[in-house]
Amino acid sequence: MNHRQHNTFEKRIIELRELLNQYSYEYYVNDNPIVTDAVYDSLFGELKSLEREHPECVTVDSPTQRVGNELKGGFAKVQHSTRMLSLNDVFDPAEVEAWVVRMEKLIPGQKHEYFADVKMDGLACALIYQDGVLAQAVTRGDSYIGEDVTNNVRTIKNVPLRLRHTKGFETFLSGRTEIRGEIVIYKTNFEKLNEERRRKGEPEFANPRNLAAGTIRQLDPKLVAERALSFRGYDMLRENSDDVPTMAYAYDAMTALGIVRNNVAKVFDSISDVMTFVRKWDADRHKLAFNTDGLVIKLNDRKQYQDLGVVGKQPRAAVAFKYAAEQATTVVKDIVVSIGRTGAATPVAVFDPVSVAGTTVRHASLHNADEIARLDVRIGDTVVIFKAGDIIPQVESVVLELRPKGAERIVYEKLLAEQYPELEFERQGKDVVYRVKGESGDIILKRALQYYASKGALDIDTLGEKNVIALVDAGLVKDVADIYALTVDDLLTLDRFAEISANKLIDAIQQKKKPSLEKFILGLGIRHVGAQTAIDLADKYKSIDALVDTTIEELEHVEGIGKVVAESIMAWFADEDTIALLNKFHRLGVEPVYEKKSGALVGNSFVITGTLETMGRDEAADRIRSLGGVFQTSVAKDTTYLVAGGKVGASKLKKAQQYGTKIIDEKQMLELIADK
């Protein structure tokens, strides 16, 4: 590693430490969380990774080395009867299996039952009942000592001030009974609070968890009462541990005593059944009344649980299976502009790949110039990414503290001019979108459909200019993929078609449902992607899905593709209209097929200079490609043949001689491309 690289890593590590320490101060000391847990965890994870790679940069004051943070406020400190432990996080089935193996080594030969419940995303709190009456409520704090928030918890309507008497559970009404659980705000209540704040012109709350945590530590219980907090229990403690033999029994007892707990919790005999439960709630978690980021998995038997003990701050007998984060941070590498099917110019942020809500995200729409200005996003910025509805990746905000020096503000008109120098754009009236000047959606669609059906692309018989115009003008196709949904009856509504001609066109379209991948890529009409580039992309990626998931760096390594072409491809596939179009192709049964090149010219590349007598240059190029050869527009070091026709270009001859490229005439070329 050179000195400059070391300084870059060290600078990033220092910036991350300072920012994370600031976030912790706001969260713990000022009761003013300014980012979500997911954002903090993402930046914390980046710092841990960098420190792991560069251990010489680790310092004793790094957030990764800190156990806890000092709390401030008007609440009395209270020592917990037993530590309120956090759980070790696991993220995939392999880690769960490894956890089971570790336990079985420590308590071999014992049958295990597993207790699983949805993990609530709230504020951990312990309710202490003395002889059945609520005596104290204490936050988790640093796990050893929490804060007395009894007055505030008493305002929570679903917290019983006296435990309910139920036959068979009278034991819990004598002596000390501790209920541990989470204070949460239900999603519907959170939305109502924000709706009211919007009406008053007040800033909205960021998320339910932060609001619950901030509310319970307010000094005025009246304000707490207005916030619609709820408590949901997840554990019970007694001085005599035999009073609560299993986790499942604790849940039954809580229900009997009037404590709200999750009804989805279950006991399982095998870890495979637990993982089925995990997957179910990964799919259904958004149906829950509260937010969750995973499941808790414990041994059901409390004696086994206690016998396994604790490592650090985590019990050995429990883990938290965390679902994929719905927020993450990443660095913007570039901002590219996509021209959609209506002529709209949409900016797209391209960034380092990052996992959000279970999928890898490489780019996100910035929507329009106003959104770029609102976010003030710049190339080099660290940004917070989220998925709207767990589907569409979006940029939520910029981490301004990590902005690199010299990062330039984006001037959208300048960006358009740089990326599309041959086009003019306009923004009409109150429209927030810049569009290609003089181009309507129908004109662009007709041009796109003609190109898709042309001989060089998919070569769809009888779908020429006049039929394309008729289909678009009649509203029968709204995008290129719609041609595959056409029926004979649709065509018969137009004056141009009779039974025979309608059947002929529909048959021609249906025959192109499995086009060659390179012809399909070419037919999509991606700016700067010609026939040879389409072939090169097909050879590199071998499927349209792989091409969609590529990065600018990968594209720039494809033969003949530089930064401008890579940006154009990335912008096209990042556009939401494009994704919708490709999904429609798939639904309609269009499956591009990659075929490995074969033929007499595989491994040979050609450049033609001057005019040919026997055929046009495009025809010669198609013939060369059909035999597995590569057709190039300019002589390069890897060019095999320069075909010299009439009126030869002197510069190409000079380059060919310089690179040692073999120079042949038209007759020799015809011999090479002749049917054999």
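Taken together, the values in this text are just the output of simple stated rules run on the coordinates, not laboratory data. Owing to the predicted nature of the structure, the values given are computational and were not obtained by experimental measurement. Virtual Cβ from ideal backbone geometry, glycine too; neighbours counted across all protein chains shown.
Counting pairs of alpha carbon atoms under 8 Å apart in space and at least six apart in sequence, what relative contact order in percent does segment 77-322 give?
Result for segment 77-322 is 31 percent.
Read through the labelled values (i) 33.6, 132; (ii) 32.6, 106; (iii) 25.6, 78 and report the label of the one computed as Rg and Dmax of the Cα atoms in Å from the structure.
Among (i) 33.6, 132; (ii) 32.6, 106; (iii) 25.6, 78, the one calculated here is (ii).
Run the dipole for the chain about the Cα centre, Lys and Arg Cβ at +1, Asp and Glu Cβ at -1, nothing else charged, and hand back the magnitude in debye, nearest 20.
Dipole size: approximately 640 debye.
Using the Cα centre of segment 220-293 as the reference point, and only Cβ charges (+1 on K/R, -1 on D/E), how large is the resulting charge dipole? Debye, rounded to the nearest 20.
My answer is approximately 380 debye.
In the structure shown, do any of K512/K637; K514/K637; K187/K266; K200/K280 have a Cα-Cα gap over 30 Å, and if so which?
Check vs 30 Å cut-off fails for K512/K637; K514/K637; K200/K280.
My understanding is that a pair violates if its Cα-Cα distance is over 32 Å; which of K446/K504; K48/K303; K48/K405; K322/K540 do that in this structure?
Listed pairs above 32 Å: K48/K303; K322/K540.
Calculate, for R197 and D549, the FRET efficiency according to 1/(1 + (r/R0)^6) with r their C-beta to C-beta distance and R0 30 Å; round to the nearest 0.05.
About 0.15, to the nearest 0.05.
When the dipole is taken about the Cα centre of segment 123-236, and only Lys, Arg (+1) and Asp, Glu (-1) are charged at their Cβ, what size is it in debye, to the nearest 20?
Here segment 123-236 has a charge dipole of around 360 debye.
Fewest first, what order do T346, T177 take by the number of other Cβ atoms within 10 Å?
Final ranking by Cβ density, sparse to dense: T346, T177.
Neighbour counts of other C-beta atoms within 10 Å: give me V395, V336, V331, V133 arranged from fewest to most.
Fewest-to-most Cβ neighbours within 10 Å comes out as V133, V331, V395, V336.
Within segment 613-637, whose backbone N sits under 15 Å from a point 7 Å along Cα→Cβ of K647?
613-614, 616-617
Amide H neighbours of R180 under 5 Å, counting only residues 5+ apart in sequence or on other chains, H built in-plane at 1.01 Å?
L127, Y234, D235, M236, L237
Quick one: check the C-alpha center-to-center distance for segment 90-161 versus segment 550-576, whole angstrom.
49 Å
What lysines sit close enough to K157 to cross-link, taking a C-alpha to C-alpha distance under 16 Å and skipping anything fewer than 8 places away on the same chain?
Qualifying lysines at Cα under 16 Å: K222.
What number, rounded to the nearest 500 deg cm²/dmol, is the helix-based mean residue ellipticity at 222 nm of the chain, given -39500 (n - 2.57) per DSSP H run of at least four residues and division by all its residues?
When only DSSP H runs of four or more count, the value is -11000 deg cm²/dmol.
Modelling each spin label as a point 7 Å along the Cα-to-Cβ direction, I'd like the E408/E671 distance in nm, to one decimal.
Distance between the two pseudo-spin positions: 5.5 nm.
Could you work out the local net charge near E104, counting Lys and Arg as +1, Asp and Glu as -1, over the other residues with Cβ closer than 11 Å to its Cβ?
My count for the surroundings of E104 gives +2.
I'd like the Karplus ³J(HN,Hα) series for segment 213-227: coefficients 6.51, -1.76, 1.60, θ = phi - 60°, whole numbers in Hz, and an x wherever there's a Gly or Pro.
My calculation for segment 213-227 gives 5, x, 5, 5, 10, 6, 7, 9, x, 5, 5, 4, 4, 6, 8 Hz in order.
Taking the Cβ of each residue in E518, E15, E499 as the centre, tally the other Cβ atoms inside 10 Å and list the residues starting with the fewest.
The most exposed by this proxy come first: E499, E15, E518.
Which angle between 0 and 90 degrees, to the nearest 10, do you get for helix 617-626 versus the longest principal axis of the chain when only C-alpha atoms count?
Helix 617-626 sits roughly 60 degrees off the main axis of the chain.
Using 0.36 nm per residue of separation minus the Cα-Cα distance, give me the extension gain between V264 and E239 in nm, one decimal.
So the extension gain works out to 6.2 nm.
Please give, to one decimal in nm, the separation of the simple spin-label points placed at K540 and R617, each 7 Å out from Cα toward the Cβ.
2.4 nm
For every other residue with a beta carbon closer than 10 angstrom to the beta carbon of Y541, add +1 if it is Lys or Arg and -1 if Asp or Glu, then tell me the sum.
Summing Lys and Arg as +1 and Asp and Glu as -1 gives -3.
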